[in-house]
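To keep things clear, I will list the structure first and then write my remarks on it.
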Amino acid sequence: MNKEEVVRTLQIQREIFGEDLYVKSLNIEKRVKEKEVKPIPEDIFVASEEFQKANSLEELNSLICNCQKCSLGATRNKFVFGTGNINAKVMVIGEGPGADEDAKGEPFVGRAGKLLTDILKAINFDRDEVFIANVVKCRPPGNRTPTSEEMETCIPYLKKQIELIQPSLILCLGLTAAQGILKKKDSLTNLRGQVFPFENAKIMVTYHPAALLRNPNWKRGCWEDVQQFRKLYDEMFS
Ligand code: URA
C-alpha cells in the first residue's frame, strides 16, 4: 500500500469503529513485536487535520483539494473550494457542486448560479464582493442530496473558511445547507425570516436558487428574505 492508501484505510477504520476504539487498537498494536505488525505513524491523524493550521484560504485550499475523506472524492472531477472576496463581509453558502461546478471547479456557475448572481445584484451585492462556497466541496453523483455523513465530514472545511474570512453575515441557500450548518432539524419555512448567531457572524436562510428555478412562485418569498438580509447588512455597516 502506498501512503495515500494507508491514510485512507486508517480513515475508513476510524469512521467505522470510532476514534476511541481505533486508538485503543493502535496501542495494542504497539505492544505487538515490530516484526509482526508494522508500526503506524503516530502523526497520521494529526496529518489529516493539518488543514486546521492553514493561515490563508490559498493554503487551506492546497491542503484539502485532494481530499478523499468521503466517497465523493472518488467520483468528483474537480474539488470546488469556493470563490470570491477573501475579505468578504458576506458569505453565501449552497449545498454542493452540480455538474457545471464539478467540471469548472467553481461554485454556482450553472443556471442556478446565474440566478444567484442576479439575486445578489438585486440587493446591490456584486458577486465578486462576497465569498461563495458549499457545505460539501465535491459533487454528489447525479446531484443527489449530500448525506449527513458527507456533510459532517466536509463542514469542518467550511468552518475553517469562515474562520479565515470572518464574514459578518452568511446567507444560507436551501434547507440542506441550513440544517447542515445550523444543526437544526427545522423546516425551511421556520428557518426563513430568522437571524441565527454563528461563530462571529449572523446567518439568514432563504430558498436555494435551483428550487426557485423549479418553483418560480417561491421567488417572492426569496425576494422578501434577501431584502431583510440587505437591511441587516445596511444596519451593520452604515
Ligand atoms: N448548487 C449548489 O448548492 N452549489 C453549487 O455550487 C451549484 C449548485
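The values are calculated or read from the model by the stated rules, or taken from the named source; none is laboratory data. All figures in this text were calculated on a predicted structure; none of them were measured in a lab. Glycine also receives a Cβ, built like all others from the backbone with ideal geometry; neighbour counts cover every protein chain displayed.
How many residues, within the stretch 123-133, are more than 10 Å from the ligand (Cβ to nearest atom) and either among the β-branched types (Val, Ile, Thr) or under 18 Å from Val80 (Cα atoms) (or both)?
Pass one, the stretch 123-133, residues more than 10 Å from the ligand (Cβ to nearest atom): 123-131.
Remaining after also requiring either among the β-branched types (Val, Ile, Thr) or under 18 Å from Val80 (Cα atoms) (or both): 123, 127-128, 130-131.
Final tally of qualifying residues: 5.
Just one residue in the set Cys222, Cys172 is over 17 Å from Asn134 (Cβ atoms) and either at pLDDT below 95 or within 16 Å of the ligand (Cβ to nearest atom) (or both); that residue is Cys222. So, in the stretch 209-219, exactly how many residues are within 16 Å of the ligand (Cβ to nearest atom) and touching a helix residue (DSSP H, G or I) at 6+ places or on another chain (Cβ under 8 Å)? Qualifying residue count, the stretch 209-219: 6. The set of residues in the stretch 82-122 that are away from the ligand (no atom under 11 Å from the Cβ), buried (at least 17 other Cβ atoms within 10 Å of the Cβ) and in a loop (DSSP other than H, G, I, E, B) comprises Asn85, Ala88, Lys89.
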